[in-house]
Amino acid sequence: MSSVLEFENKCLKADAGKCSSIFIGGIEKFSVVDYPGKIAAVVFLKGCPWRCPFCYNTHLQKLDNETNFFWHEFKHFLEKRKGVLDAVVFSGGEPLMQKRIVEAIVEVKALGFEIGVHTGGFYPEILAETLPLVDWVGLDIKAPFESEHYKKAVGGVESLPKVLQSLDILLKSRINFETRTTCDPRLLTVEDIYCIAKALSARGVKKYNLQRYRQVEGDTTSDEACEIFFKDEKLIDFLEANFEVVEFRK
Ligand code: SF4
């Protein structure tokens, strides 16, 4: 973990010449599920400060330049998709970890695409810097707003104050955004989802989605345990009563 954070600090603090590229781990050329209501391309950026036990993108966690995907090629692809795609989503990993994220967004925005960002909220200052350029944000909420629980859900990194700061920034900005939680039964109970939902609703969040946890390699958690959140009718009613938009992504 420390090496990731050391690299992160270098990228955030060093001058641009030392971290002059965008490190891409993958590209989805056509998606209708990553930006609500829009046809989007998704660029998965490398690097993440967290190590969530339910992570499906472990190959994106390390921030390095070992990749077969290059920024100039992605931009070339986008130039050919003008009029076909509505938007480009910056996902990860944690896209706001990269030094050149603001410049990258500027370059894509200049091509005429709407901009979406998927983030865990660990970089509130970078989020605030990018927001004037961004049209939609998907903010992951990993656990109830209790410090130790949140830390456990993200693999041992103290994170809650930064996540709450990011949430406040989004609420104050009035940008279109959703919150969502991956329901990993090893980390969360139905009661925890109530806690999260109450805290979000009290702050004024309008959109909250539950995502089914897909068992990672080696995990023997049953499908039944993973689906319990989606079969609890009281919870479903509660969420539908407290948010304008709720989705259950099974
Ligand atoms: S924030 Fe996302 S990419 Fe990072 S460890 Fe967690 S699940 Fe994986």
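The values are calculated or read from the model by the stated rules, or taken from the named source; none is laboratory data. Model, not experiment: these values are computed from the prediction. Cβ coordinates were reconstructed from backbone atoms using ideal geometry, including for glycine residues, and neighbour counts include every protein chain displayed. SASA here: full protein model, heavy atoms, side chains in, ligands and nucleic acids out. Shrake-Rupley method; radii C 1.70, N 1.55, O 1.52, S 1.80 Å.
Assorted remarks:
- Computed over the chain: relative contact order in percent, which uses C-alpha pairs under 8 Å that are six or more apart: 15
- Packing, as the average of other Cβ atoms within 10 Å across residues, places the peptides 29-36, 207-214, 79-86 in the order 207-214, 29-36, 79-86, highest first.
- Surrounding net charge for TYR56, when Lys and Arg each add one and Asp and Glu each subtract one, Cβ distance under 13 Å: -1
- For the chain, a Gaussian network of Cα nodes joined below 10 Å ranks VAL88, VAL216, VAL108 by mean-square fluctuation, and the top entry is VAL216.
- Alpha-carbon centroid distance for the pair region 113-179 / region 71-86, whole angstrom: 27
- Using a probe radius of 1.4 angstrom, the carbon and sulfur fraction of the accessible surface of the chain is 50%.
- Cβ charges +1 (Lys, Arg) and -1 (Asp, Glu), total dipole of the chain, debye: 520
- Listed residues ILE101, ILE228, ILE236 arranged by accessible area, highest first, probe 1.4 Å: ILE228, ILE236, ILE101
- Once the chain from ARG174 to LYS231 is taken as fully extended at 0.36 nm per residue, the excess over their C-alpha distance is 17.3 nm.
- A simple spin-label model places pseudo-atoms 7 Å from Cα toward Cβ; at HIS72 and LYS250 they are separated by 4.8 nm.
- Distant alpha-carbon pairs in the chain (separation over 35 angstrom), percent: 12
- CYS55 accessible area, 1.4 Å probe, all protein chains in place, Å² to nearest 10: 30
- When the residues THR221, THR189 are ordered by accessible surface, computed with a 1.4 Å probe over the protein chains alone, the sequence from largest down reads THR189, THR221.
- The residues VAL102, VAL163, sorted by heavy-atom accessible surface at 1.4 Å with ligands and nucleic acids left out, run VAL102, VAL163 from largest to smallest.
- Cross-link partners for LYS82 among the lysines, with Cα-Cα distance under 21 Å and sequence neighbours closer than 8 places in the same chain left out: LYS29, LYS38, LYS109.
- From most to least packed by mean Cβ count within 10 Å, the peptides 21-27, 69-75 give 21-27, 69-75.
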